[in-house]
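Below is one structure, written out as structure tokens, with a few remarks after it.
Here, each number is a calculation from the coordinates, and none is a lab measurement. This is a predicted model, so every value here is computed, not measured. Every residue, glycine as well, gets a Cβ built from its backbone with ideal geometry; the counts of neighbours run over all protein chains shown.
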Amino acid sequence: MNKISENQNFKVLSRATGPWAIVMGLFFLLKVTGAGNSISCVAQNAVMKAGMADIEPEILISREESFNYDFSVKDLNGKELRMADLKGKVIFLNLWATWCGPCRVEMPSIQNLYNSIDKDRIAFVILSLDQDGQKPKIVQYISSKEFTFPVYQPASSLPKLLRVNMIPATFIIGPDGKVKHKKVGMADYDTDEMRGLLRELSGV
């Protein structure tokens, strides 16, 4: 009787835990193989194409904050840029990292936007938050995707405004030094609305 009872208990336990074991096993497999990242990117691309992550430039931040230009960045060749040198221009500043899936998903739309703007009036600062020693990884990623927008790394401490809780995060600063738009999270920037906003701010 004991053996029969033990067998019955085992079958009941197996039926109860079986689905969870399958889920946990699948999660572990995706984690180990790295396939989870690919699936995540595919899903995020689908969201972008469906328009669920479209940016709405007309909805600006309720109170325009002053942008703190008192910091520096460096390009992938190590050349330093003082943000103060960009005063008077419209700045499209995007915080990202190579390990950030949503960041990678929105980057083609940023490239398309960059291709269509007046680069004399509008400065793009695509600022990687990867660790300093990860520069080869940044260079490899940007090169493999054939992105041509300017990519930087921090060369000094970032101001409080840019210390966000999550990335991607995008800030648009007007020539008057005020933050005109702030978006935390993935968005599609390849839109007529965004081009119109940048042109309006730059006076084109």
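Quick notes on this structure:
- A straight line joining the Cα centroids of the range 72-117 and the range 141-191 runs 6 Å.
- Rough spin-label spacing in nm, given labels placed 7 Å along Cα→Cβ, for Lys79 and Ser202: 1.9 nm
- Vicinal HN-Hα couplings computed from phi for the range 123-140 (Karplus, 6.51 cos²θ - 1.76 cosθ + 1.60; Hz; Gly/Pro x): 9, 9, 10, 9, 9, 7, 9, 4, 4, 4, x, 8, 3, x, 5, 5, 4, 4
- Our analysis of the range 72-202 gives Rg over Rh at 0.92, with the two radii drawn from alpha carbon positions and Rh computed by the Kirkwood formula.
- Here the extension length gained between Val164 and Asp132 equals 9.7 nm, from 0.36 nm per residue of separation less the Cα-Cα distance.
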